[in-house]
Amino acid sequence: MAITGSCCCGGVRFELFERPLMVGVCHCSRCRKAGSSAYAYVRAEAFSWVAGRALVTRYRPRPPFAFDRCFCRRCGASLGDPFSGRIVAIAAACLDDDLGLTASFHEHRPNQPSWWEDRTPAKDK
Ligand SMILES: [Zn+2]
Ligand SMILES: [Zn+2]
């Protein structure tokens with residue numbers, strides 16, 4: 001059975017044909033402001049749109065920043081970037097069910113805001 005994911009309004013829906021390879025949390029200011037810090041890494045061929053592909057808007061930052069940010073233009077939910085690379089980084093928060101995954105790494109930990117209470121020592125990248 002496929003793993004499903006969706007945005008807040010339900011307009012955008014996708015599915016994964018296998019479990020994510022891992023989850024990683026990025027504490028950089030850009031991920032924080034985009035409203036997406038936890039990413040599930042999925043092989044691109046295991047990702048498929050179910051609905052709402054036309055609602056997905058892509059924000060492409062100016063260099064030197066590299067990572068595109070996708071979001072639902074109706075509800076604003078951050079979707080990660082399901083388009084780039086052989087392994088795509090999708091917003092783990094958009095997965096519909098808890099898969100029991102734990103974060104394999106945290107990066108940009110020094111930028112982690114103080115209101116983020118979970119400071120369990122995880123491997124820093
Ligand atoms: Zn939406
Ligand atoms: Zn980041």
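Summing +1 for each Lys or Arg and -1 for each Asp or Glu among the other residues whose beta-carbon sits under 13 angstrom from that of Leu79 gives +4. Under a Gaussian network description of the chain, with springs only between Cα atoms under 10 Å, the residue in Cys70, Cys28, Cys94 that fluctuates furthest is Cys28. Dividing the summed helix terms, -39500 (n - 2.57) for each DSSP H run of n ≥ 4, by the number of residues in the chain produces a 222 nm estimate of -1000 deg cm²/dmol to the nearest 500. The ratio of the alpha-carbon radius of gyration of the chain to the globular-protein estimate 2.2 N^0.38 Å is 1.02.
Just so you know, all these numbers are worked out from the coordinates, no wet-lab data involved. Every value quoted in this text rests on a predicted model; they were computed, and no experiment measured them. For neighbour counting, all protein chains shown are included, and Cβ atoms are generated from backbone atoms with ideal geometry for every residue, glycine included.
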